[in-house]
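A short write-up of the structure that comes next.
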Amino acid sequence: MVAVERVESLAKSGISSIPREYIRPKEELESINDVFQEEKKEDGPQVPTIDLQDIESEDETIREKCIEELKKAAMDWGVMHLINHGIPVELMERVKKSGEEFFGLPVEEKEKYANDQASGKIQGYGSKLANNASGQLEWEDYFFHLVYPEDKRDLSLWPKTPTDYIEATSEYAKCLRLLATKVFKALSIALGLEPDRLEKEVGGLEELLLQMKINYYPKCPQPELALGVEAHTDVSALTFILHNMVPGLQLFYEGKWIIAKCVPDSIVMHIGDTLEILSNGRFKSILHRGLVNKEKVRISWAVFCEPPKDKIVLKPLPEMVSVESPAKFPPRTFAQHIEHKLFRNKQEELVTEKKDEV
């Protein structure tokens, strides 16, 4: 297995400038600003906050109003802060504390959990290896593993230290799975479908996978030149994110990069490509990226709700397709969709390289 220099080790080595492979291309650099200044801005669009308190209210009018707000955010932004989501704040704090403590361990301790992407072992502790033509790297280390369903987990890959990691993360995954069902139900109703339709389409209780990725963004000496995570859309059906209240998430909305403000006790939720495809583009999978800074370490806990790789063909639901609104996406399995995105990114990189050479 190739030894990888972790971004954390690089950040702690005392460097004042970042290595060339972390510097973003010229056209990207123009839009990378100071994250703390960006978060203070009061003008311009703000990521919506959706209160889920009434999502299952007995009162039909109150329930419908909540579903309508969720629908609007899913169609307009594709990302939102969820409040009153039903997950105990103390459980979220335990998840964050155990994740922070794991990343607080010496790098050599974390290396015991290292993944090996080359051999297909993707779960574990890792850093992005340059797999693109430009050799660009992201300013982050991460820990990635499947957290639900319980019978598909491999607990041997989960950190033993801190001792609360397994229990807190397991409990949180169960709570998130229930929240996902609530959201799928509301979004199904919003599209005029049967309440259980979207959840069935993405694999139901047996097949929908919840994969957790803890993103660790060390302090960066030149944050104006780097990105924690480059611009992408999530391939998932839904993504739920906790963070340590350090801003960094940016959304590409109406032609501009908008920073997501930190909302206490909220969970950030993204609509992923999978729901965008099923809804034939009615719901939006928004382009987003992660900024870094030189003052504070940022950590986020992203849980991706993913359909099985090959068992389901993803395509716009028949009810979403009409003469006025023809199918915008060809039928593909989840695995084929991921391959398509990787291939398309490679093509775009090659085109960019050719332009640079001219």
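The values are calculated or read from the model by the stated rules, or taken from the named source; none is laboratory data. Remember, predicted model here, so these are calculated numbers, not experimental data. Don't worry about glycine lacking a Cβ; one is built from the backbone with ideal geometry, like all the others, and counts go over all protein chains shown.
Odds and ends about this structure:
- Here K65, K128 are screened, and the one residue that is of a type in the set (D, E, K, R) and either modelled with pLDDT under 95 or touching a strand residue (DSSP E or B) at 6+ places or on another chain (Cβ under 9 Å) (or both) is K128.
- Qualifying positions in the stretch 97-110 - at pLDDT below 95 and touching a Lys or Arg at 6+ places or on another chain (Cβ under 9 Å): V107
- You will find that of K213, K185, the residue that is touching a Pro at 6+ places or on another chain (Cβ under 8 Å), surrounded by 16 or more Cβ atoms within 10 Å (Cβ to Cβ) and not in a loop (DSSP other than H, G, I, E, B) is K185 and no other.
- Among (1) surrounded by 16 or more Cβ atoms within 10 Å (Cβ to Cβ); (2) over 19 Å from A335 (Cα atoms); (3) among the polar types (S, T, N, Q); (4) touching a helix residue (DSSP H, G or I) at 6+ places or on another chain (Cβ under 9 Å) - the single one Q222 does not satisfy: (1)
- Some residue of the stretch 295-312 being polar (S, T, N, Q) and farther than 30 Å from E39 by Cα: no
- Which listed residue, of P326, P316, P308, is in a loop (DSSP other than H, G, I, E, B), at pLDDT 95 or above, over 30 Å from G104 (Cα atoms) and under 22 Å from the mean Cα position of the chain (by Cα): P308
- When the stretch 263-305 is limited to residues that are among the hydroxyl-bearing types (S, T, Y) and within 18 Å of the chain's Cα centre (by Cα), the one that is farthest from R197 (Cα to Cα) turns out to be S300.
- Selection status of I62, within 22 Å of the chain's Cα centre (by Cα) and either within 22 Å of T274 (Cβ to Cβ) or not acidic (D, E) (or both): no
- Given (1) on the phi > 0 side of the Ramachandran plot; (2) touching a residue at least 60 places away in the same chain (Cβ under 8 Å), number of the condition I277 does not satisfy: (1)
- Qualifying residue in the stretch 256-271 (condition: farther than 27 Å from K97 by Cβ, small (G, A, S) and buried (at least 20 other Cβ atoms within 10 Å of the Cβ)): no
- Of all residues in the stretch 167-180, none satisfies being surrounded by 15 or more Cβ atoms within 10 Å (Cβ to Cβ) and not in a helix (DSSP H, G or I).
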